[in-house]
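**Q** Structure in structure tokens, see below.
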Amino acid sequence: MHQLTLAEIARGLADKKFSSEELTKVLLARIAQLDPQLNSFISLTEDLALTQAKAADARRANGESGSLLGAPIAHKDLFCTQGIRTSCGSKMLDNFKAPYDATVVAKLAAAGAVTLGKTNMDEFAMGSANESSYYGAVKNPWNLEHVPGGSSGGSAAAVAARLLPAATGTDTGGSIRQPAALTNLTGLKPTYGRVSRWGMIAYASSLDQGGPLARTAEDCAILLQGMAGFDPNDSTSIDEPVPDYSASLNGSLQGLRIGVPKEYFSAGLDPRIADLVMASVEELKKLGAVVKEISLPNMQHAIPAYYVIAPAEASSNLSRFDGVRFGYRCADPKNLEDLYKRSRGEGFGTEVQRRIMVGAYALSAGYYDAYYLKAQKIRRLIKNDFMAAFNEVDIILGPTTPNPAWKLGAKNSDPVAAYLEDVYTITANLAGLPGLSMPAGFVDGLPVGVQLLAPYFQEGRLLNVAHQYQLNTDWHTRTPTGF
């Protein structure tokens, strides 16, 4: 049962081949057996899962149907779940139990999805390796000595190891697409505003976006269908109709215009990954796509702009964690200043402290114009580059990451080296565009992903291209040894 995709689970439940309760028990036992070597979960919710599974079976018995009704999933541990620890991978929120459900959690629960647990993540979603978690690093099931990518590495590792068919993640600078690439999954970052951020603990509010991680584009379409939609509780949510993503999967790619930016193939890209990217281009050409070279001239400024904007927003968002209202509080504070300093100093990890400091500096009176304002101007230039490119092509294709997964600890002494792994993904967040990573091969036994970008609200087009590619390749079907 653990090898079934979401789509196959939906068909199996509809045909009464097994019940949601049976499937849930199998997967919970599998998590208990295998997750100790991966560390992909922070919290397991066995009682909730079995209650939801029984309720889903009862709804099916009463004639209800739906692709997510009775399907097991997990949530990245920054989606608030009522009465369950929502830690954000941090000591700061280790004792925090959310008093309400995030909109994404509520929507998926209403659709009948079964929550198996909350997955491990980089602390407050800050990281590219899932090594900054208070609960320890997550291991990549393809090689337990390597990182799974971050910050949604727990969700990615759990799905890649077949502990469950799909999970939610969030993407601020590539945190769905990058771990998807490093663990041989399909991961989708929707258009900014497509999925509600209400109840999703913020890192950088203008960049964060929730999305699905699964083995196939078909499964991502199913999960996104349950997540997407307007939410009046979220002022950045966009009131745009949600199409039937599954209905567009089988569209022809004949005449599809694919742009390949020349800036993607620089000295920083592993040449073996470049070869796999071009092999995927050839595969899509066989399906009728037309390929042309394009240019994104301001891409070179993306990383410096991102690492001013994101920390600036983080320093503002994380100011609420002060040891007063909720979260970690230091022992025996001498006074209010001591309470603030020690609660934040002890509650936040190194990477979070680093980004708060960078952000506070960039927003300070003497440096706001020199750093933050300039970074926002670069952000507009990057968006303009994409708008110009999409006048010529329908989608943009390139590598998701410049390298395959690196060894645990390899970049810990050089944060900038880890930041550079986001070079291809962060531009989509700066521009608010939808992006998808799909499996495209292996280098040294480690997975490689190819990234697709599309104009606003064209998630269906991305899913269509990825699905057609997956019908003609088998990279996404490969399973890590031992899982």
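**Q** Excluding residues fewer than 8 places away in the same chain, name every one of the lysines whose C-alpha is closer than 30 Å to that of Lys285.
**A** Result set, ordered by chain and number: Lys189, Lys262, Lys383.
**Q** Among the chymotrypsin sites (Phe, Trp or Tyr not before Pro) within segment 144-234, which fall in a DSSP loop and have no more than 16 other Cβ atoms within 10 Å of their own Cβ?
**A** Values: sites: Tyr192, Trp198, Tyr203, Phe230; in loops: Tyr192, Trp198, Tyr203, Phe230.
Of the chymotrypsin sites (Phe, Trp or Tyr not before Pro), the ones in loops of segment 144-234 whose Cβ has at most 16 other Cβ atoms within 10 Å are Phe230.
**Q** Would you mind checking which residues have amide H under 5 Å from Ala410's amide H? H placed 1.01 Å from N; only 5 or more apart, or other chain.
**A** none
**Q** Once you order the gyration tensor axes a ≥ b ≥ c over the Cα atoms, which shape class does segment 76-229 get: rounded for a/c under 1.5, otherwise prolate or oblate by comparing a/b with b/c?
**A** Numbers: a/c = 1.40, a/b = 1.09, b/c = 1.29.
The shape class here is rounded.
**Q** For a label point 7 angstrom out from the Cα of Glu283 toward its Cβ, which stretches of segment 179-207 have the backbone nitrogen within less than 19 Å?
**A** Answer for segment 179-207: 179-189.
**Q** Accessible area per residue of the chain at 1.4 Å probe, in Å²? Please list the in-between numbers first.
**A** Working: 17420 Å² over 483 residues.
Counting only protein heavy atoms, the per-residue value for the chain is 36 Å².
**Q** If each residue of separation counts as 0.36 nm, what is the full-extension length gain between Ile238 and Ala32 once their alpha-carbon separation is subtracted? It would help to have the intermediate numbers written out before the result.
**A** Numbers: separation 206, 0.36 × 206 = 74.16 nm, distance 3.95 nm.
Taking 0.36 nm per residue and subtracting the Cα distance, the gain is 70.2 nm.
**Q** Going 7 Å from the Cα of Asn250 in the Cα-to-Cβ direction, what parts of segment 10-45 have a backbone nitrogen less than 20 Å from that spot?
**A** Under 20 Å, as judged by backbone N against the label point of Asn250, lie 10-15 of segment 10-45.
**Q** Okay, moving on. Beta carbons within 10 angstrom, averaged per residue: use that to sort the peptides 66-72, 247-253, highest first. Let's see the in-between values first.
**A** Values: 66-72: 25.6, 247-253: 14.9.
The densest-packed peptide leads the list: 66-72, 247-253.
**Q** Could you tell me the calculated FRET efficiency between Arg11 and Ala360, based on Cβ-Cβ distance and R0 = 56 angstrom, to the nearest 0.05? Can you show the working numbers first?
**A** Details: r = 52 Å, r/R0 = 0.93.
For R0 = 56 Å, the calculated efficiency reads 0.60.
**Q** Something else about it: Take the solvent-accessible surface of the protein heavy atoms, probe 1.4 Å, and return the percent of it on segment 146-235 that carbon and sulfur atoms account for.
**A** 51 percent
**Q** Given Gly288, Phe230, Pro271, which one lies farthest toward the positive end of the charge dipole of segment 227-342, if we put +1 on the Cβ of every Lys and Arg and -1 on the Cβ of every Asp and Glu?
**A** The listed residue farthest towards the positive side: Pro271.
**Q** Moving on. Can you work out ³J(HN,Hα) from phi for every residue in segment 393-407, in order, using Karplus 6.51 cos²θ - 1.76 cosθ + 1.60 and θ = phi - 60°, giving whole Hz and x for Gly and Pro?
**A** My calculation for segment 393-407 gives 9, 8, 9, 10, 10, x, x, 7, 10, x, 9, x, 4, 9, 6 Hz in order.
**Q** Ok, one more. How big is the chain along each principal axis, measuring the range of its Cα positions in Å and listing the largest first?
**A** Principal-axis extents of the chain (Cα, largest first): 64, 53, 44 Å.
**Q** Read phi for every residue in segment 245-251 and hand back ³J(HN,Hα) as whole Hz from Karplus 6.51 cos²θ - 1.76 cosθ + 1.60, θ = phi - 60°, with x for Gly and Pro.
**A** 5, 5, 5, 9, 5, 9, x
**Q** For segment 286-355, which trypsin sites (Lys or Arg not before Pro) are in a loop by DSSP, counting at most 14 other Cβ atoms within 10 Å? If you can, show how the numbers build up before the last one.
**A** On the way: sites: Lys286, Lys292, Arg320, Arg325, Arg329, Lys334, Lys341, Arg342, Arg344, Arg354, Arg355; in loops: Arg325, Arg329, Lys334.
Those that pass, being in a loop and sparsely packed, are Arg325, Lys334.
**Q** Okay, moving on. Quick one: pull the percent of accessible area on segment 1-126 belonging to carbon and sulfur, 1.4 Å probe, ligands and nucleic acids left out. Don't jump to the answer; show the numbers that get you there.
**A** On the way: 2350 of 4700 Å².
Roughly 50 percent of what the probe reaches on segment 1-126 is carbon or sulfur.
**Q** Rounded to the nearest 20 Debye, what is the dipole magnitude of the chain about its Cα centre when Lys and Arg each give +1 and Asp and Glu each give -1 at the C-beta? Before the final figure, lay out each step's value.
**A** Details: 45 positive and 48 negative charges, 57 e Å.
Here the chain has a charge dipole of around 280 debye.
**Q** Determine the calculated [θ] at 222 nm for the chain from helices alone, applying -39500 (n - 2.57) to every DSSP H run no shorter than 4 residues and normalising by the residue count; nearest 500 deg cm²/dmol. Can you show the working numbers first?
**A** Values: 15 runs with 176 residues, N = 483.
Computed mean residue ellipticity for the chain: -11000 deg cm²/dmol.
**Q** For segment 1-76, which GluC sites (Glu not before Pro) pass both filters: DSSP loop (anything but H, G, I, E, B) and at most 13 other C-beta atoms within 10 Å? Intermediate values should be presented prior to the final figure.
**A** Details: sites: Glu8, Glu21, Glu22, Glu46, Glu64; in loops: Glu64.
Qualifying residues, ordered by number: Glu64.
**Q** Taking H placed 1.01 Å from N in the peptide plane, check which residues at least 5 places from Asp77 or on another chain put their amide H under 5 Å from its amide H.
**A** HN-HN under 5 Å from Asp77: Thr119.
**Q** Under a 5 Å amide H to amide H cut-off, with H placed in plane at 1.01 Å, what residues pair with Val291 once short-range neighbours are removed?
**A** Here Ile258 satisfy the definition.
**Q** Straight distance only, please: which lysines reach the Cα of Lys107 with their own Cα at less than 17 Å, same-chain residues fewer than 8 apart left out?
**A** Excluding near neighbours in sequence, the set is Lys76, Lys118.
**Q** Need the full-extension length gain, Lys377 to Leu420, defined as separation in residues times 0.36 nm minus the C-alpha distance. One decimal, nm. It would help to have the intermediate numbers written out before the result.
**A** Details: separation 43, 0.36 × 43 = 15.48 nm, distance 2.09 nm.
Going from the current span to full extension adds 13.4 nm.
**Q** Moving on to the next point. Quick one: grab the alpha carbon gyration tensor of segment 365-483, order the square roots of its eigenvalues as a ≥ b ≥ c, and give me rounded if a/c is under 1.5, else prolate or oblate depending on whether a/b is larger than b/c. All intermediate terms of the calculation are to be shown ahead of the outcome.
**A** Values: a/c = 3.29, a/b = 1.26, b/c = 2.62.
Since a/c reaches 1.5 but b/c is at least a/b, the shape of segment 365-483 is classed as oblate.
**Q** Rounding to the nearest 20 debye, state how big the charge dipole of segment 196-297 is about its Cα centre with +1 on each Lys and Arg Cβ and -1 on each Asp and Glu Cβ. Let's see the in-between values first.
**A** Details: 8 positive and 14 negative charges, 82 e Å.
Its charge dipole is roughly 400 debye.
**Q** Would you mind classifying segment 21-152 by shape? Square roots of the alpha carbon gyration tensor eigenvalues, ordered a ≥ b ≥ c; an a/c under 1.5 is rounded, otherwise it is prolate if a/b is larger than b/c and oblate if not. Show your work: numbers first, answer last.
**A** Details: a/c = 2.29, a/b = 1.56, b/c = 1.46.
Prolate shape, in that a/c is at least 1.5 and a/b is the bigger ratio.
The values are calculated or read from the model by the stated rules, or taken from the named source; none is laboratory data. The structure presented is a predicted model; accordingly, all values stated were derived computationally and were not measured. FYI the Cβ positions are ideal-geometry reconstructions off the backbone, even for glycines, and counts take in every protein chain you see. Heavy atoms of the whole protein, side chains included, go into the accessibility calculation; ligands, DNA and RNA do not. Shrake-Rupley method; radii C 1.70, N 1.55, O 1.52, S 1.80 Å.
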